[in-house]
């Protein structure tokens, strides 16, 4: 086992970590602002990946081009999901909100199963074929582009949160809903927007994932669990933490799989997850 | 010479750089009603939290009838027969009034495992009924705690606090937020409990009329320190005490 | 000191329970050895027992656990391993699996119970997934290949029969026993303590209740109950493997069934399982055949509807309906008298 092998795994880890980071941010922002653990988060990812695939298969659109379209669609889906379903579950007991999002997850997962059949789909022959090579290392173009887009999306989101009025309102609501309300923030509207953001994150991730990964109905779960681990590591309620968590989880997963035992790559992630919860439930940067 | 029921010696509690309690030494004798006053932020509730073990004091000791109970877990302190109420009522909303009272029995001598199949004994139920009657809320016995009015909840908490024949009862603003008629009832019941059962009370209160009426002796707290103690009238009119309420922290 | 089984004191209500029970006892004779129908009953009983196990720790004590299926699996694997390795009858293996499960619950609970609601729930999911991955790769317990029950039947010692009828009665007994346990706890002091912990744990501590002890107690009993079901389930399905048994969907199904029925009540899980399991089977036959997608989609829809409109569950919904009808008729009678 030479250092090149390890470094390659490290690079892969960082690349995929970017994806986990964006997914985790989507999960974390909804958790932090609205207190809802969205168990369907991974399945929205799955759905967006399917949309990307459908646009490719039937409209010949490369995922890079259909990306804005998919994101727009999913923001709308997010608004609808909040307005007609999730709104009811704000402040509901945890069991209830978990079961609510879980049942949506079931409907989506098995709905996809029925419509698309369990076949693994793959997008071939697109703009991002091929690999970049530098020295002994290689990165697939698709993963590299994905990584860049993840970074771009995250930067966009952070700027939005930091500099815009709505972004500040979102952060205020996350810190203290009542104070935000008394300052004139329309909390319902903030929730709507936050939910949309959550889904937008997943839409970006899902679309880009479809450029290098199989699309199949059950793909949501693994990403969801990795997102949970990332959020736990980085701290619930902290979006910066979620990014950190995502990258670390990506590295741990790839390195663990490369160095120890491929089938166990997720075990390391879960062990870290549970250790974090046991000893540092606030995560490394968390607020709860 | 009455024996000391609750004795606090040099109790100190810091939060980072902030000294919330600074070498607090107070005592309450058996069957006394002692008042604790002070402006907001003076450390009254922090003191209660340190006594019940919810917060661990940095220095000092808490003695209950001579026994050192400093820093024990809250449930253990309560089991040593210290009852405590909170500023905002803390009734179990989905338990009935009767259950809210029964749940405050003396848990020390209870077999935890056997409680899985045992129900409350007839004596326990009788005692709870008597206490609810004593507080005048018997007819609410089967109502869920969450549906009682605020004042009724305060009475319920008072009844519950007496369930285990406590050595000391810590009341945190027992009349706060309660309408005037009920305030008088609460005062009346506290005094009645003290007279009939010999219950020892340490009461935090903001309502001067109430605490002047009830206390046999008073402590005044400001910025984490006891600034005076003694006869209620004397304490209340003490210039330092008045200053602490009007002036800065 | 009293034992809270005053079952026969409220005579009239108990008819609703005794009659169906008696009916159940004779079902195999009425139905004949109709394997599929008996199978549906058995699965209902399994989910009643697992549901009650979950109900105890999550419904009553309020600790949201998503790892019930793991304790269920521990029971199955322990007794089957003992059977395969030292030819030990599952009747004894049962009493090895239960304490092991309870022990692991103790270890897990003592490390995780300081976590609040969502976090504890998510931690149990992580635990469940770790276990699944471990078992999938652990050669000692057969890894992904699983374990098969030796076909040494029909035999009481080996708990294996060709007919489903004896299994019917075993699982019926498990369903009854688990419901009885919840019944006793429900009316006991501990039941009240569990509920107080669920509503306000800190408040309960300030009433002198050792909340850590009670949470662990609930968790351990729940784990032992699930393990017991697992032992017999292995003997019923004759083959166990981590992929089928340690699927998070099983815990999800348990949660949904109990929530549908009414969480935190004695009869909620019974009602939930009795309605949803046959419904699921019916939907699977009618709409799916091979691809078992439809039953889960409809499950999801039903649960979403219940949680949206009647989160308190079907049992409480029905109870409230009967209450309000009774009150209305009382008022009508009162008015007609005046």
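Counting Cβ atoms of other protein chains within 10 Å of each Cβ in B:7-19 and taking the mean gives 0.
In terms of packing, defined here as the mean over residues of other Cβ atoms within 10 angstrom, the peptides C:295-301, A:163-169 line up highest first as C:295-301, A:163-169. Shape of the range A:188-261 from the C-alpha gyration tensor: oblate (a/c of 1.5 or more and a/b not above b/c, with a ≥ b ≥ c the square roots of its eigenvalues). Annotation for the range B:23-75 versus the range A:34-80: alpha-carbon center distance of 58 Å. Rounded to 0.05, the FRET efficiency of the residue A:183 and residue A:76 pair, given R0 = 22 Å and the Cβ-Cβ distance, is 0.15. This ranking places B:89, B:199 by how few other beta-carbon atoms lie within 10 Å of each, fewest first, which gives B:89, B:199. Once both labels are positioned 7 Å from their Cα atoms along Cα-to-Cβ, the gap between residue B:113 and residue B:196 label points is 3.9 nm. Compute the distance from the alpha-carbon center of the range B:177-211 to that of the range C:207-275, in whole Å. Value for the Cα centre distance between the two parts: 48 Å. Residue exposure proxy: A:276, C:225, ordered by other Cβ atoms within 10 angstrom of their Cβ from fewest to most, comes out as A:276, C:225. Please check which bits of the range C:29-58 a label hung off residue C:177 would reach, taking the label as a point 7 Å along Cα-to-C-beta and the cut-off as backbone N under 16 Å. Only C:45-54 fall inside the zone, counting backbone N under 16 Å. When a/c is below 1.5 the answer is rounded, else prolate if a/b is larger than b/c, else oblate, so apply that to the range A:138-239 with a ≥ b ≥ c taken from the square roots of the Cα gyration tensor eigenvalues. Prolate.
Treating r as the C-beta distance of residue B:181 and residue A:160 and R0 as 56 Å, the FRET efficiency rounds to 0.55. Net length available on complete extension from residue C:243 to residue C:310 is 20.8 nm, with 0.36 nm assigned per residue and the Cα-Cα distance removed.
GNM remark for chain B: springs join alpha carbons under 10 Å apart, and the peak mean-square fluctuation among B:204, B:19, B:28 falls on B:19.
Once you reduce the range C:310-338 and the range C:54-95 to the center of their Cα atoms, the two points are 41 Å from each other. Comparing C:78, C:179, C:89 in a Gaussian network model of chain C (Cα springs below 10 Å), the most mobile by mean-square fluctuation is C:89. Out of B:62, B:169, B:178, any idea which swings most in a Gaussian network model of chain B, alpha carbons joined below 10 Å? Its mean-square fluctuation being the largest, the pick is B:178. Per residue of the protein assembly as shown, the DSSP helices (runs of n ≥ 4 H) give a summed -39500 (n - 2.57) that works out to -20500 deg cm²/dmol at 222 nm.
Using 7 Å Cα-to-Cβ label points, what is the residue A:58/residue C:169 separation (nm, one decimal)? With each label point 7 Å from Cα toward Cβ, the separation is 5.8 nm. So what's the angle, to the nearest 10 degrees on a 0 to 90 scale, between helix A:141-163 and the longest Cα principal axis of chain A? Long axis of A:141-163 versus the principal axis of chain A: about 20 degrees. If R0 equals 30 Å, the separation of the Cβ atoms of residue C:95 and residue C:286 corresponds to a calculated FRET efficiency of about 0.10. Taking a ≥ b ≥ c as the square roots of the eigenvalues of the Cα gyration tensor, the protein assembly as shown is classed as oblate, since a/c reaches at least 1.5 and a/b does not exceed b/c. Restricted to Cα atoms, chain C shows a radius of gyration and a Dmax of 20.9, 79 angstrom. Once the Cα atoms are used to define both axes, helix A:41-59 deviates from the longest principal axis of chain A by about 60 degrees.
Among the residues of C:184-190, the average count of other protein chain beta-carbon atoms within 10 Å of the residue beta-carbon is 6. Annotation: the residues B:98, C:283, A:57, B:135, sorted from fewest to most other C-beta atoms within 10 Å of their own C-beta, follow the order A:57, C:283, B:98, B:135.
Computed from the coordinates by the stated procedures, all read-outs in this text should not be read as laboratory data. Just so it is clear, the model here is predicted, and its values are computed rather than measured. Note that we place each Cβ from the backbone using ideal geometry, even for glycine, and neighbour counts take in every protein chain shown.
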